[in-house]
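Everything on this sheet refers to the single structure shown next.
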Amino acid sequence: MKRLDQVLAADGVNAELELVIKDVMVACKDIAYKLGQGELAGILGATEDENVQGETQKMLDVISNDLLKDILVANPYVRGVGSEEEDYTIAGNADGKYLVTFDPLDGSSNIDVNLSVGTIFSVLEAQDNKSGDNQEVFLQNGRKQVAAGYVLYGPSSLLVMTTGNGVNLFTLDTNIGEFVLTKEALQIPEETAEFAINMSNQRFWEPEMKQYIDDCLLGEEGPLGKRYNMRWVASMVAEVHRILIRGGIFMYPYDNRDPSKAGKLRLMYEGNPMSMIVEQAGGASSTGRMDIMDVAPQGIHDRVPVVLGSKNEVAKVVAYHTK
C-alpha cells in the first residue's frame, strides 16, 4: 500500500507543501496516541479557561492546539498559523509560503464519553509580504485553499485529504507509524435519505430550514416523497466522514439565538476545509444561499451557516432558502 508521501508525490505536490502536511500529521499522530491513552494520560476533563469563541476548553483542546501550533510555527515553509483556540494568528517564518488554519480537536465535548473527535486543517498560500501574525493575510475565500483535510480519531485513525485532485482516505498503520492509502477518489452519492442536524435548536431556525425539516419528517406522504433517517454525533468530522462513505446531508444553519453571529461553525477552520473536501468528492456545500467557499472572510474567526453533503439534497435545501 502507498504511504501518504508517495501519494502526494504522485499528485505533483511540491516538496514544501508536502513538508507542511507531514508536520500536521506528526502532531495528529501524537494526538491520536494521547486519545488512545485516555485517562491514563491525564487528558480528560475541562480547564478553567475559555477560548476566543467563549467555549470552555477541554484539556485535550489545549494539548492538541499546542502540538499543532508549535510544530507548524517551527516549519520553514509556514508564514503563520490560525487556530480556533487562539485569539490571534501567530507568525511563523517570515519567508514561509504557506498559511495553516486548524480546529485542533473538533467535537471535543465527546472526549470524556469516548466518542469520535477529529482535527481539521486547511492550507493557503500567503498572497503578499505581510507577517503571519497579521490576520489580513489569511482573509482569502475557500477557493484559494491548496490543501484541506481532517483526521478522524475513532476505532482507527483516518486521514481524509485533498490537494485539489480528488479525495483520498488513509489509515494510520500503527506498526510503521505512517498513514497509508486505503481508499482512493472518494465520491459522495448524489442522492440521500439521511440528514444530520441538532433538532434541539429547531425553535431558533429560520422559517425556510424549519419547513425543509418538517417536510423531511413527513416521509413518503410529504412533498419530498421519501422517508428520511436522522443522525447526530455532535462532531463535524464524524458527520462529514459518514457522508463521504455513504452519503447524507449535514446542517448547522443560522439561528436567531445571537443575531450578530451568522452561524455556529467557523468559516476558516471548519466551513472552508470541509467544503473543499466535500466538493472534491462530488458533493456540494452552501450557507443555504451561496457556496461556502465563495464567502469573503472579514475576520479570522468568522462564523457561517453550513449545509453540505449529497449534491441533490443540498440543492433542495438551497431551493427552500431562495424560492
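For the chain, give me the percentage of DSSP beta bridges that are antiparallel, rounded to the nearest 5 percent. Display every interim value, and only then the final one.
On the way: 46 of 56 bridges.
Antiparallel: roughly 80 percent of the beta bridges in the chain.
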>> From the phi angles alone, apply the Karplus equation (6.51, -1.76, 1.60; θ = phi - 60°) to the stretch 3-12 and give each ³J(HN,Hα) in whole Hz, x where the residue is Gly or Pro.
In response: 7, 3, 5, 5, 5, 4, 5, 5, 7, x
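Counting Lys and Arg as +1 and Asp and Glu as -1, each charge on the Cβ, what is the dipole of the stretch 4-183 about the Cα centre in debye, to the nearest 20?
In debye, rounded to 20, the stretch 4-183 gives about 640.
When Rg is the radius of gyration of the Cα atoms in the stretch 54-140 and Rh is its Kirkwood radius, what does Rg/Rh come to?
On the way: Rg = 13.6 Å, Rh = 13.3 Å.
Using only Cα positions, Rg/Rh for the stretch 54-140 is 1.02.
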> Whose amide H sits under 5 Å from the amide H of Val146, counting only residues 5 or more places off or on another chain, with H placed in the peptide plane?
Replying inline: Val123, Leu124, Glu125
> Which pairs, out of Lys2/Lys69; Lys183/Lys316; Lys2/Lys29; Lys29/Lys144; Lys22/Lys144; Lys69/Lys130, put more than 24 Å between their alpha-carbon atoms?
Replying inline: Lys2/Lys69; Lys183/Lys316; Lys29/Lys144
>> What are the ³J(HN,Hα) couplings of the stretch 210-218, residue after residue, when phi is run through the Karplus curve with 6.51, -1.76, 1.60 and θ = phi - 60°? Round to Hz, x for glycine and proline.
In response: 4, 5, 4, 5, 4, 5, 4, 6, 6
> Considering the dipole of the chain built from charges on the beta carbon (Lys and Arg +1, Asp and Glu -1) around the Cα centre, which of Val160, Asn198, Gly247 is farthest to its positive end?
Replying inline: Gly247
> Tell me, what HN-Hα J-couplings in whole Hz come from the Karplus equation 6.51 cos²θ - 1.76 cosθ + 1.60 at θ = phi - 60° for each residue of the stretch 273-286, using x for Gly and Pro?
Replying inline: x, 5, 5, 4, 4, 5, 5, 5, 9, x, x, 9, 9, 8
> For the charge dipole of the stretch 4-183, defined by +1 on Lys and Arg C-beta atoms and -1 on Asp and Glu C-beta atoms about the Cα centroid, which residue among Gly177, Phe138, Gly80 has the Cα displaced farthest towards the positive pole?
Replying inline: Gly177
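Assigning unit charges at the beta carbon (Lys, Arg +1; Asp, Glu -1) and nothing else, what dipole magnitude in debye, to the nearest 20, does the stretch 109-257 show about its Cα centre? Provide the component values of the computation, followed by the final result.
Values: 12 positive and 19 negative charges, 25 e Å.
In debye, rounded to 20, the stretch 109-257 gives about 120.
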>> What would the Debye equation give as log₁₀ I(q)/I(0) for the stretch 194-322 at q = 0.14, 0.17, 0.20 Å⁻¹, counting only Cα atoms as equal point scatterers?
In response: -0.56, -0.84, -1.20
>> Using only DSSP helix segments of four residues or longer, with each worth -39500 (n - 2.57), what per-residue ellipticity at 222 nm results for the chain after dividing by its residue count and rounding to 500?
In response: -8500 deg cm²/dmol
> GNM on the chain, C-alpha springs below 10 Å: top fluctuator among Leu218, Leu308, Leu19?
Replying inline: Leu218
> log₁₀ I(q)/I(0) of the chain at q = 0.07, 0.08, 0.10, 0.12 Å⁻¹, via Debye over equal Cα point scatterers, no solvent, to two decimals?
Replying inline: -0.26, -0.34, -0.54, -0.79
> In Å, what Rg and Dmax follow from the Cα atoms of the stretch 150-230?
Replying inline: 18.4, 53
>> What's the magnitude of the charge dipole for the stretch 194-322 around its Cα centre, counting Lys and Arg as +1 and Asp and Glu as -1 at the beta-carbon? Answer in Debye, nearest 20.
In response: 260
> Which far-off residues, 5 or more places away or on another chain, put their amide H under 5 Å from the one on Thr182, with H placed in the peptide plane?
Replying inline: Leu169, Phe170, Thr171
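Values in this text are rule-based calculations from the coordinates and carry no lab data. For clarity, every value in this text was computed on a predicted model and none was experimentally measured. Quick reminder, even Gly has a Cβ in these numbers, built from the backbone with ideal geometry, and neighbours come from all protein chains shown.
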